[in-house]
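Read the structure below first, then the notes.
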Amino acid sequence: MNPQTIREGYNFAYLDEQTKRMIRRALLKAVAIPGYQVPFGGREMPMPYGWGTGGMQVTAAVIGQTDCLKVIDQGADDTTNAVSIRAFFRDLTGVKTTERTEEATLIQTRHRIPEKPLQAGQVLVYQVPIPEPLRFIEPSEVETRKMHALEDYGVMHIKLYEDIAQFGHIATAYAYPVLVNGRYVMDPSPIPKFDNPKMDNSPALQLFGAGREKRIYAIPPYTDVKSLDFEDHPFEVQKWEQCCAICGSAESFLDEVIMDDQGTHEFICSDTDYCRERMENLEVTV
Amino acid sequence: MYVAVKGGEKAISAAHELLAKVRRGDTREAELSVKQVEQQLPLAVARVMTEGAVYDPELAALAIKQSAGDLVEAIFLLRAYKTTLNRFGICEPINTEAMQIERRISATYKDLPGGQVLGPTFDYTHRLLDFSLMAEGEFSDPSDEAENLTAVPESVSKVLEILEREKLMASEMDHQHQPTDITRDPITYPADRSARLQSLVQGDEGFLLALGYSTQRGYGRNHPFAGEIRIGEVEVSIVPEELGFEIEIGAVQVTECEMVNGFTRHRDGEVKFTRGYGVGFGQCERKAMAMALVDRSLQAADYDEEVVSPAQQEEFVLSHCDNVEAAGFVSHLKLPHYVDFQSELELLRRIRAAEQSDSAKETN
């Protein structure tokens, strides 16, 4: 890295060293108690709350000069917020950035897990809006902390059951709750439930930062992550009848694109790097 | 075939250029200087310093200029800047009794030691647009009489302390605890008073105003009187460890409001008034009053009052009063949500398809 590239007047990765140490201590605790929400002294960041300040603080605390950073939003490297966060860290750390999943040592994400399986040594940082999976059932933090302490998760199963009774399906398509290491019910951030299985026993370290709510949590590598379900209503992920209109993938998560005023639509991969790589491989084969 | 739905670096920098143009306005008009904002919009500067939690009129004025007058955006800019500042010490508590008074009023006594000093206030102005301000004219300084009427050199004792001495008012106790620092440790509930007051002082003026107002309209009534409002400069001092004695490092202008609230039987068995406290940087009377009302309504539990109204619910008030947090999270809805929306679309279609095939079966 080239120190000249760091914006003048700012510390490496924006936050001061004491703040980074505080965040790292919270991260260590989070790793030691998988799925447990650790309160931390979240700072104001130069981006608005809700735009990834938690993820950015975690990234700022763990990023080093030899890291290679990838930032995605909705699976894509070219969405505006991903572009902006990547530019921020490029300016304030001078580290190498990439769009290739396998090249990155550190990936900050909003709403997706890359399609390409992550490797040991990679760190995935999630931006989290509401870290508390029980929040929409119980608005009070005092109560939800108690419920976690007592492993009192009955209400969550009742909610899922009521969905089935009402709709015939569990009506949660994203931010689908998981049980981590057999102990804590955790919000996986608003990733589609399509991505939930990728969290289970992942070789990568998964870190979660919620800036406005000032909570950090983590899933260490090779940890059991189970999506909540019932024996007669097992957890299942979304499937599409269509394939990606660009690369033809039938396995990836697809975004719907409206083509004209009549509402004609096509589907394309949400993970732009995955789609690009498939296209490159197809071209080679042809 | 593929509609361009994803933006990029070029689009962002173009947007920033357009914003700069909107901020500058018609270039035939002189550019607004930061000094002009600081000097001529002091109440906007005060709000930005209070909710931005940094006392620096020049930086607050810069933030107002940069945000094109959007004060919540300016508050956010100042907070984000604050994050980068080193903390080299904690000042001693400011002594508002020793304030150099610019304004001081009490609604509970007609006259009192130190007197009623109106100072610079909108109160009692007729809210008629003053078209003479449209013409740039000579400004005439206040008359000697006006200056004399507001001159209050000596320190003025505080109204609520008069009531305390008569044992009519709940005493504010210094519990000798290190105050919580909400910028370092997130609030936990129930919050202690120091955390609550810090949160309120940074809290959004509009939100606290509405909550305070709701208590007046019956949602958690607390029978308030504006016991005392004072505005003026107070000294700020620190005790450096290596010196061991207090040194003055400057002065800040603050507004303080102490509300006298309905009496109740206290835990010590005596019947006394209760109180609420509000404070902020610069001249920020509306904010300080709203804060004092809400501080009092949040003491419901201390007086075994039934908690039934929003303004009495600590978690509700404190976790939603910060406009940097609130504006950020509301505005994030502008970010793409294709993935989540796609997941919902897929689920809804599946439910509808299943229901349609069920009803088709029934018709057969």
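The values are calculated or read from the model by the stated rules, or taken from the named source; none is laboratory data. Nothing here was measured: the structure is a model prediction, and the numbers come from that model. We place every Cβ from the backbone using ideal geometry, glycine too, and count neighbours over all the protein chains shown. SASA here: full protein model, heavy atoms, side chains in, ligands and nucleic acids out. Shrake-Rupley method; radii C 1.70, N 1.55, O 1.52, S 1.80 Å.
Of the residues A:TYR176, A:TYR217, the single one that is more than 17 Å from B:GLU346 (Cβ to Cβ), more than 8 Å from chain B (Cβ to nearest Cβ) and either in a helix (DSSP H, G or I) or not β-branched (Val, Ile, Thr) (or both) is A:TYR217.
With respect to B:GLY203, is the statement that it is buried (at least 18 other Cβ atoms within 10 Å of the Cβ) and within 27 Å of B:ARG103 (Cβ to Cβ) true? First the steps, then the outcome.
Details: buried (at least 18 other Cβ atoms within 10 Å of the Cβ): yes; within 27 Å of B:ARG103 (Cβ to Cβ): yes.
Yes; evaluated as a whole, the condition is true for this residue.
Counting only helices (runs of 4 or more DSSP H) that fall entirely inside the stretch B:133-225 and contain at least 2 residues that are under 25 Å from the mean Cα position of the chain (by Cα) and either of a type in the set (Phe, Trp, Tyr) or farther than 30 Å from B:GLN313 by Cβ (or both), the qualifying elements are B:205-216.
Here's a check for you: in the stretch A:220-241, which residue that is in a strand (DSSP E or B) and surrounded by fewer than 19 Cβ atoms within 10 Å (Cβ to Cβ) is modelled with the highest pLDDT? It would help to see each step written out before you state the result.
Of all residues in the stretch A:220-241, those in a strand (DSSP E or B) come to A:225-227, A:230, A:233.
Next, from what is left, pick out any that are surrounded by fewer than 19 Cβ atoms within 10 Å (Cβ to Cβ): A:226, A:230, A:233.
Numbers: A:LYS226: 98, A:PHE230: 94, A:HIS233: 93.
In this case the residue turns out to be A:LYS226.
Taking each residue of the stretch A:1-26 that is facing another protein chain (nearest Cβ under 8 Å) and on the phi > 0 side of the Ramachandran plot and looking for partners that are at pLDDT below 95 and open to solvent by less than 40 Å² (accessible area, probe 1.4 Å) with beta-carbon atoms closer than 7 Å, six or more apart or interchain, yields A:TYR14/A:LEU92. Search the stretch A:89-133 for residues being away from every other protein chain (no Cβ under 14 Å) and at positive phi, and hand back the single one that is farthest from the chain's Cα centre (by Cα). Here the residue is A:GLY94. The residue that is farthest from the chain's Cα centre (by Cα), among those in the stretch A:179-193 that are surrounded by 24 or more Cβ atoms within 10 Å (Cβ to Cβ) and within 17 Å of A:ILE137 (Cα to Cα), is A:MET186.
Going through the stretch A:30-88 one residue at a time, which ones are assigned to a strand (DSSP E or B) and within 14 Å of another protein chain (Cβ to nearest Cβ)?
Within the stretch A:30-88, the first condition is being assigned to a strand (DSSP E or B), and the residues that meet it are A:38-39, A:68-73, A:76.
Across the stretch A:30-88, the qualifying residues are A:VAL38, A:PRO39, A:VAL71, A:ILE72, A:ASP73, A:ALA76.
Residue check: is A:ILE113 closer than 19 Å to A:VAL178 by Cβ, among the β-branched types (Val, Ile, Thr) and open to solvent by 10 Å² or more (accessible area, probe 1.4 Å)? Don't jump to the end; show me each part of the working.
Working: closer than 19 Å to A:VAL178 by Cβ: yes; among the β-branched types (Val, Ile, Thr): yes; open to solvent by 10 Å² or more (accessible area, probe 1.4 Å): no.
Considered against the rule, which asks whether it is closer than 19 Å to A:VAL178 by Cβ, among the β-branched types (Val, Ile, Thr) and open to solvent by 10 Å² or more (accessible area, probe 1.4 Å), A:ILE113 comes out as no.
Selection within the stretch A:242-265: residues that are outside any loop (DSSP other than H, G, I, E, B) and either touching a residue at least 24 places away in the same chain (Cβ under 8 Å) or open to solvent by 60 Å² or more (accessible area, probe 1.4 Å) (or both). The member of this set that is farthest from the other protein chains (Cβ to nearest Cβ) is A:HIS265.
Here B:ALA311 qualifies as more than 10 Å from chain A (Cβ to nearest Cβ), open to solvent by less than 10 Å² (accessible area, probe 1.4 Å) and modelled with pLDDT of 95 or more.
For (1) at pLDDT below 95; (2) away from every other protein chain (no Cβ under 14 Å), each residue gets a yes or a no:
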{"site": "B:SER171", "(1), (2)": "yes, yes"}
{"site": "B:GLN176", "(1), (2)": "yes, yes"}
{"site": "B:PRO179", "(1), (2)": "yes, yes"}
{"site": "B:ILE187", "(1), (2)": "yes, no"}
{"site": "B:VAL201", "(1), (2)": "no, yes"}
{"site": "B:ASP204", "(1), (2)": "no, no"}
{"site": "B:THR215", "(1), (2)": "yes, yes"}
{"site": "B:GLY218", "(1), (2)": "yes, yes"}
{"site": "B:ALA226", "(1), (2)": "yes, yes"}
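Scanning the stretch A:138-171 for residues that are out of contact with any strand residue (DSSP E or B) (no Cβ under 9 Å at 6 or more places or on another chain), part of a helix (DSSP H, G or I) and more than 15 Å from B:TYR189 (Cβ to Cβ) turns up A:GLY154, A:VAL155, A:ILE158, A:LYS159, A:GLU162, A:ASP163, A:ALA165, A:GLN166, A:PHE167. Among the residues of the stretch B:321-349, those identified as more than 26 Å from the chain's Cα centre (by Cα) and within 7 Å of chain A (Cβ to nearest Cβ) are B:LEU335, B:PRO336, B:TYR338, B:VAL339, B:ASP340, B:GLN342, B:SER343, B:GLU344, B:LEU345, B:GLU346, B:LEU347.
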